[in-house]
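None of the figures in this text is laboratory data; all of them are computed from the coordinates on show. Note that the structure is a prediction, hence the values are computed from the model and not measured. Neighbour counts are summed over all protein chains in view; Cβ atoms, including those assigned to glycine, are modelled from backbone coordinates with ideal geometry.
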Amino acid sequence: MYTVAVTRDFIANHYLIGGDWGSENQPHAHHYVAEVSIEGTQLDQHGYLVDIVAIEANLDAIVSRFRDVLLNDLAEFAGLNPSIEHFSRIITEQLLAAINPPGSGALRVKLWENATCWAAFRQEF
């Protein structure tokens, strides 16, 4: 199994809904780090699982939508608590649709909310 990975950091704002989480219920920012890893069994004609430049470009486009905005206001989070669990799934689904890797494998986004806390979502293709 081959693996390629790319990391991006960005700041976004959110507030939690649906429970009493104290200050987390008020708008606040996190310095997120998105770790993207793609695993697969098949390389393309250039010997790439997925071209890292393509991963970077598509991840940058996705992250730019979330950078410095209030996640609660975005359509992707309509009706959802903007948790890092939901956020990691949303990034995974958007990136997988954008890069369309060959063969079979999995794409995982591990989203760090701070230096010690993260959530991840993994989707097979």
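Quick notes
- Dividing the helix sum by the residues of the chain, where each DSSP H run of 4 or more adds -39500 (n - 2.57), gives a mean residue ellipticity at 222 nm of -8000 deg cm²/dmol.
- FRET efficiency for the Thr116 to Glu85 pair, using the beta carbon distance and R₀ = 25 Å, is estimated at 0.95.
- Cα-based radius of gyration of the range 1-114 once divided by 2.2 N^0.38 Å, which approximates compact folds: 1.16
- At an R0 of 30 angstrom, the distance between the Cβ atoms of Tyr2 and Glu56 translates into a FRET efficiency of 0.95.
- Among 60-67, 16-23, 105-112, the peptide with the highest mean count of other Cβ atoms within 10 Å heads the list, and the full ranking is 105-112, 60-67, 16-23.
- Model label points for Ser104 and Gln45, set 7 angstrom from Cα along the Cα-to-Cβ axis, are 2.5 nm apart.
- Remark: the range 51-58, residue by residue, has Karplus-estimated 3J(HN,Hα) of 4, 4, 4, 5, 4, 4, 4, 6 Hz, where x stands for each Gly or Pro and the curve is 6.51 cos²θ - 1.76 cosθ + 1.60 at θ = phi - 60°.
- Point-to-point label distance, Asp9-Glu93, nm (Cα→Cβ direction, 7 Å offset): 2.9 nm
- Integer Hz, Karplus 6.51/-1.76/1.60 couplings in order for the range 88-100, x for Gly and Pro: 5, 5, 4, 5, 4, 4, 5, 5, 4, 5, 6, 9, 6
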